[in-house]
Amino acid sequence: MTSDRPKLPEQVLQPPVEAGGAPPPDDPFAAGLRGFGPLGILAMLVIIAGQILAPLNAVLVLVWARRSHTPWHEIGYVRPQSWIAGLVVGLAFGGAFKFLMKAIVMPLLGADPINQAYHFLAGNGPAAAVFVPALIIKAGFGEETFFRGDMFERLGKLFGQRPGAKVVTVLVTSVFFASLHYIEQGLAGVQQATITGLVFGTIFAFTGRIWMLMCAHAAFDLTALAMIYWGLESNVAHLVFK
């Protein structure tokens, strides 16, 4: 038996595009930004160049995500079940992680107990006060948004989301993150940043959430600042290995 219902126009029968999904077909610029053609590569290079004036690169990541219609969750911007819980866990984990690195890991690697690059902050109240918001914004917001959020999204599109591909993504982002610490902090800075990148990257690979990592990264650097300011670096570094 035939139906008497009038046929709907063809476009009405098309499945709707999910909110925050792929760029609409009439927005080739957004599609180009998300792709790996000339426009997409140019966008990545501009964001990477923004690292020179960090956290400008993180701001550019957010601009890119919005203009390319990239879903926020793909760069780790997922609303946590509890902002406070994420903050508390992040602060505790970041502080404890830095203490562990200073007391056990870095001494085993033969690192100088004193961070010579930032030793000028020891007892320097005005300079340390300036560093507090700078570390929160640059490390917590900036570096996590770029190295975990943006780079995981880009490399995830290239390598895929299988376990092996995620391992490659964690390794690549960790090496890149660590390499940027060589100029200021030398080999010890690279070693510490490599381990930090591997730990933070692995957590992000499993959770896909960035809020707790932002808090942890800020706490890690603020704990380092506190050790330097109060002259505790050598004491902590010799706490286990005299």
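The values are calculated or read from the model by the stated rules, or taken from the named source; none is laboratory data. All figures in this text were calculated on a predicted structure; none of them were measured in a lab. Cβ placement follows ideal geometry from the backbone for every residue including glycine, while neighbour counts extend to all protein chains displayed. Surface accessibility is based on the protein's heavy atoms, side chains included, excluding ligands, DNA and RNA. Shrake-Rupley method; radii C 1.70, N 1.55, O 1.52, S 1.80 Å.
Odds and ends about this structure:
Condition check ((1) under 17 Å from Gly208 (Cα atoms); (2) of a type in the set (Gly, Ala, Ser); (3) under 20 Å from the mean Cα position of the chain (by Cα); (4) assigned to a helix (DSSP H, G or I)) across all residues:
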residue	(1), (2), (3), (4)
Gly86	yes, yes, yes, yes
Leu91	no, no, yes, yes
Gly95	no, yes, yes, yes
Pro107	no, no, no, yes
Ala134	no, yes, yes, yes
Lys138	no, no, yes, yes
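- Residue in the stretch 216-239 that is of a type in the set (S, T, N, Q), open to solvent by less than 60 Å² (accessible area, probe 1.4 Å) and within 21 Å of Val89 (Cβ to Cβ) present: yes
- The stretch 196-221 residues that are aromatic (Phe, Trp, Tyr), paired with ones that are outside any helix (DSSP H, G or I) (beta carbon under 7 Å, 6 or more apart): Phe204/Gly76; Phe204/Ile210; Trp211/Pro80
- Within the stretch 133-149, residues that are charged (D, E, K, R) sit with their Cβ atoms under 8 Å from residues that are at pLDDT below 95 and not in a helix (DSSP H, G or I), at 6+ positions apart or across chains, in these pairs: Lys138/Ala54; Lys138/Pro55; Glu143/Ala54; Glu143/Pro55.
- Entry remark, the stretch 32-42: residues being open to solvent by less than 70 Å² (accessible area, probe 1.4 Å) and free of Cβ contacts under 8 Å to residues at least 24 places away in the same chain number 5 in total.
- Flag for Gly186 being out of contact with any strand residue (DSSP E or B) (no Cβ under 8 Å at 6 or more places or on another chain) and at positive phi: yes
- Only residues that are open to solvent by less than 50 Å² (accessible area, probe 1.4 Å), of a type outside the set (Gly, Ala, Ser) and either out of contact with any helix residue (DSSP H, G or I) (no Cβ under 7 Å at 6 or more places or on another chain) or not in a helix (DSSP H, G or I) (or both) were counted across the stretch 63-84, and they come to 4.
- Some residue of the stretch 93-114 being among the small types (Gly, Ala, Ser) and open to solvent by 40 Å² or more (accessible area, probe 1.4 Å): yes
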